[in-house]
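**Student:** Take this structure first; my questions come after.
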Amino acid sequence: MIRVSNVSKNFGSFAALTDVSVEIPTGSLTALLGPSGGGKSTLLRIIAGLETPDSGSIEIAGADSTKMSPQRRNVGFVFQHYAAFKHMSVADNVAFGLKIRKRPKAEIKQRVSDLLELVHLEQFAHRYPAQLSGGQRQRMALARALAVEPSVLLLDEPFGALDAQVRKELRAWLRRLHDEVHVTTVFVTHDQEEAMEVADSIVVMAEGQVKQVGTPDELYEKPASDFVMSFLGPVTTLRGRLVRPHDLVLTAEATDGAVPAIVERVVRLGFEVRVDATVDGEPIWAQVTRYRAQLLNLKRGDTVYIRVLEHEVATVG
Amino acid sequence: MAKVSLRVVALTYLLFLLVLPVGVICWRTFENGVGPVWDSLTTPSALHAFQVTFQVAIPSVICNTIFGVGVAILLVRHRFFGRRVLDALVDLPIAVSPVVVGLALILVYGKFAPIGGWLSQHGIDVIFSIPGMVLATIFVSLPLVVRAVAPVLEEIGIEQEQAAWTLGATSWATFRRITIPAIRWALAYGMVLSLARSLGEYGAVAVVSGRLVDQTQTMTLFVEERFQNFDQQSAYAAAFALAVIAVVTLLLINLLRPEEGTR
């Protein structure tokens, strides 16, 4: 369990974190999600001891570690740009923490080969980081962090520097890895899709504050604010109310609570169809199935009636 | 056409400035064969001058290496009041004439100055002996290691070091196992430059050494003194030896340089 209590941190006149409190349960896989500059990386670095908070406290696995040096916190940290030790082979990178701890040679050798197998780099043990791809370097960095059996694994935008395809693969792989290793893991991301796909629980951060904590479903369906709602998925406005475009129902006839809208544009996106329209001159867009769009035979200039699907709807509250 | 004429200009320039003088030294040195060269380089005075040169150069390079790495880390990794002043001061020795450096050292460490007098009472003579010459040499070659190491430190960033900390490495272990290996080629380059500069220093050393033959005479001072005393054979031979050392160090630099950046 990681307990962050009332942590504040300023860089000059910029308030990176303001009175942040959050609890991360043991064994969970948690995402710190938010726009850049929202304070999530600062919080992660404070947990690791790479930054010191101006006030507040950090507790890791029951021990107050607010004033503890990063060396003694027993955390694994993975950097966005890998921070590979360039002058060491892959195996030596992974062995580093164990050598520092002066573990017996045979044990180090065994553990390094186990870890390289875990991250699928066994055949690269004698290569240097410069000879690896970005994804391979990041897996090496992960093995290096896991080698010392940290009580907490912290990842700072771990897939941020990778291209889209590798990113997708590594996400799924991190999820599987966590199911195998069970170490309490916190990762920072600004990509809501990544957070939703990988994490058990998400801490939404912005402007140096925690905006909401919950499972991906809770956040998507019961966002605490307009900010969280719009950060977690697509939104549009219906007469001043924030709604999800796929929660809108379009009908040809006027029904209870429906408002008339004029179709501006119909865009086909594979199975889904995006309908741009205006209600009282205000723009709105709805996402409907292709079948539904064909049924309505929507064209530019048509009038349709829009209402919100009232059950299972994401609303702020 | 323009390319060819540019080459001609560059080569002519180098010919008159570099090739001709060095060539003449070589030619004059070996005018009478190898025997006299060997003889004049193995006289007790010449051997002593070699010894003094290295007695001065080696401690200077060691001090500059330690100081250079320390200051480079300070300048790159830390933000503090007066950092830009320190940054500017490091380059001062390049701007100040070595003769001025020598005079300044005499003013501070001479027997009749407070600090020099105090040291003298405690049995340490700085001026007109090796310690003063080491000080002068350190001063003139001060920026070389700093300026070689600092940009590389800047480039490698701090994340590897932070990664080492989170893996349990102390600051010293991190410095030894991560920082030093990461800057090793730049450091070697700076040390070689520093060595070359130390071996060749004349002005500052001439002032603080007192040019005492067989006592505080370095190779460069030996060349000058022999030349003034019409012993041109010895002067040319010693100058040639210095040139050879310079060429060897330059070759070393060029062998080290391509290693930077790989891996």
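**Student:** Using 10 Å bins from zero, what percent of all Cα-Cα pairs in chain A falls into each bin?
**Tutor:** All Cα pairs considered, the percentages come to 6, 23, 25, 20, 14, 9, 3, 0.
**Student:** Give the Kirkwood hydrodynamic radius (Å, one decimal) of region A:106-202, defined as one over the mean of 1/r across all pairs of different Cα atoms. Don't skip to the end; give the middle numbers.
**Tutor:** Details: mean 1/r = 0.0710 Å⁻¹.
After inverting the mean inverse Cα-Cα distance, the result is 14.1 Å.
**Student:** For B:91, A:217, what's the fewest-to-most ordering of other Cβ within 10 Å of each Cβ? Provide the component values of the computation, followed by the final result.
**Tutor:** Values: B:91 13, A:217 9.
By the 10 Å Cβ count, ascending: A:217, B:91.
**Student:** A further question on this structure: Over the protein assembly as shown, how many pairs of lysines fall under 22 Å by alpha carbon, counting only those 8 or more apart in sequence or from different chains?
**Tutor:** Eligible lysine pairs with Cα atoms under 22 Å apart amount to 12.
**Student:** Between the DSSP loop rule and a limit of at most 16 other Cβ atoms within 10 Å, which trypsin sites (Lys or Arg not before Pro) in region A:29-78 are left?
**Tutor:** Within region A:29-78, the qualifying trypsin sites (Lys or Arg not before Pro) (loop, at most 16 other Cβ atoms within 10 Å) are A:67.
**Student:** Let me ask another. Taking the Cβ of each residue in B:147, A:175 as the centre, tally the other Cβ atoms inside 10 Å and list the residues starting with the fewest. Mind showing how you got there, number by number?
**Tutor:** Details: B:147 17, A:175 14.
The fewest-first ordering by Cβ neighbours comes to A:175, B:147.
**Student:** Given the options B:193, B:119, B:242, which has the most mean-square fluctuation in a GNM of chain B, springs set between C-alpha atoms less than 10 angstrom apart?
**Tutor:** In the Gaussian network model the winner is B:119.
**Student:** Computed FRET efficiency, Cβ-Cβ of residue B:124 and residue B:213, R0 25 Å: what is it to the nearest 0.05? Walk me through the numbers before you get to the answer.
**Tutor:** Values: r = 23 Å, r/R0 = 0.91.
After rounding to 0.05, the efficiency reads 0.65.
**Student:** Under the 0.36 nm per residue contour assumption, what length would be gained going from the current alpha-carbon distance of residue A:280 and residue A:267 to full extension? Can you show the working numbers first?
**Tutor:** On the way: separation 13, 0.36 × 13 = 4.68 nm, distance 2.14 nm.
Answer, rounded to one decimal: 2.5 nm.
**Student:** Counting just the Cα atoms, what span does region B:60-215 cover along each of its three principal axes? Round to the nearest Å and put the largest first.
**Tutor:** Cα spread of region B:60-215 along its principal axes, largest to smallest: 55, 30, 29 Å.
**Student:** Restricting things to Cα coordinates, could you compute the convex hull volume per residue of region B:1-107 in Å³? Don't jump to the answer; show the numbers that get you there.
**Tutor:** On the way: hull volume 23.4 nm³, N = 107.
Dividing the Cα hull volume of region B:1-107 by its residue count gives 219 Å³.
**Student:** Another question, if that's okay. Would you look at the GNM of chain A, springs on alpha carbons closer than 10 Å, and say which of A:22, A:213, A:152 moves the most?
**Tutor:** A:22
**Student:** Further question: Count the net charge of all other residues whose Cβ sits under 12 Å from the Cβ of residue B:46, scoring Lys and Arg as +1 and Asp and Glu as -1. Write out the running numbers ahead of the final one.
**Tutor:** Numbers: positive: B:226; negative: B:39, B:214, B:225, B:231.
Net local charge, residue B:46 excluded: -3.
**Student:** Label residue A:15 and residue B:74 with points 7 Å out from Cα along Cα→Cβ: what is the distance between them in nm?
**Tutor:** Each label point is offset 7 Å from its Cα along the Cβ direction, giving 3.7 nm.
**Student:** Work out how much length residue A:163 to residue A:175 would gain on full extension: take 0.36 nm times their residue separation and subtract the Cα-Cα distance, in nm to one decimal. Spell out each step's value before the answer.
**Tutor:** Values: separation 12, 0.36 × 12 = 4.32 nm, distance 1.84 nm.
Between residue A:163 and residue A:175, full extension yields 2.5 nm more.
**Student:** Test of understanding: express the Cα radius of gyration of chain B as a ratio to 2.2 N^0.38 Å, with N the residue count.
**Tutor:** Here the answer is 1.19, to two decimals.
**Student:** Mind listing P(r) for region A:128-252? All alpha-carbon pairs, 10 Å bins, whole percents.
**Tutor:** P(r) over region A:128-252, rounded to whole percents: 11, 36, 30, 16, 6, 2, 0.
**Student:** Using alpha-carbon pairs under 8 Å, 6+ residues apart, how would you state the relative contact order of chain A in percent? Mind showing how you got there, number by number?
**Tutor:** Working: 636 pairs, mean separation 57.6, N = 317.
Relative contact order for chain A comes out at 18 percent.
**Student:** With all distinct Cα pairs included, what does the Kirkwood hydrodynamic radius of the protein assembly as shown come out to in Å, to one decimal, could you say?
**Tutor:** Numbers: mean 1/r = 0.0333 Å⁻¹.
Radius from the Kirkwood sum: 30.0 Å.
**Student:** Taking the Cβ of residue A:150 as the centre, find all other residues whose Cβ is under 14 Å away and add up their charges (Lys, Arg: +1; Asp, Glu: -1). Please list the in-between numbers first.
**Tutor:** Details: positive: A:72, A:73, A:101, A:111, A:144; negative: A:149.
It works out to a net charge of +4.
**Student:** Further question: Between residue B:3 and residue B:251, how high is the FRET efficiency from 1/(1 + (r/R0)^6) when r is the Cβ-Cβ distance and R₀ = 22 Å? Nearest 0.05. Walk me through the numbers before you get to the answer.
**Tutor:** Numbers: r = 28 Å, r/R0 = 1.29.
E(calc), rounded to 0.05, equals 0.20.
**Student:** Taking other Cβ within 10 Å of each residue's Cβ, how do B:108, B:247 sort, fewest first? Let's see the in-between values first.
**Tutor:** Values: B:108 15, B:247 12.
By the 10 Å Cβ count, ascending, the order reads B:247, B:108.
**Student:** Between beta-carbons, use under 10 Å as the cut-off and find the net charge around residue A:191, counting Lys and Arg +1, Asp and Glu -1. Please list the in-between numbers first.
**Tutor:** Numbers: positive: A:167, A:171; negative: A:157, A:193, A:194, A:197.
Here the count lands on -2.
**Student:** Could I have the simple spin-label model distance between residue A:57 and residue B:243, label points 7 Å from Cα toward Cβ, reported in nm to one decimal?
**Tutor:** 7.5 nm
**Student:** Running a GNM on chain B with Cα contacts under 10 Å, which residue among B:113, B:46, B:196 ends up with the highest mean-square fluctuation?
**Tutor:** B:113
Values quoted throughout were computed directly from the atomic coordinates according to the rules given, and no laboratory measurement underlies them. Worth saying up front: this structure is predicted, and the values here are computed from it rather than measured. Note that we place each Cβ from the backbone using ideal geometry, even for glycine, and neighbour counts take in every protein chain shown.
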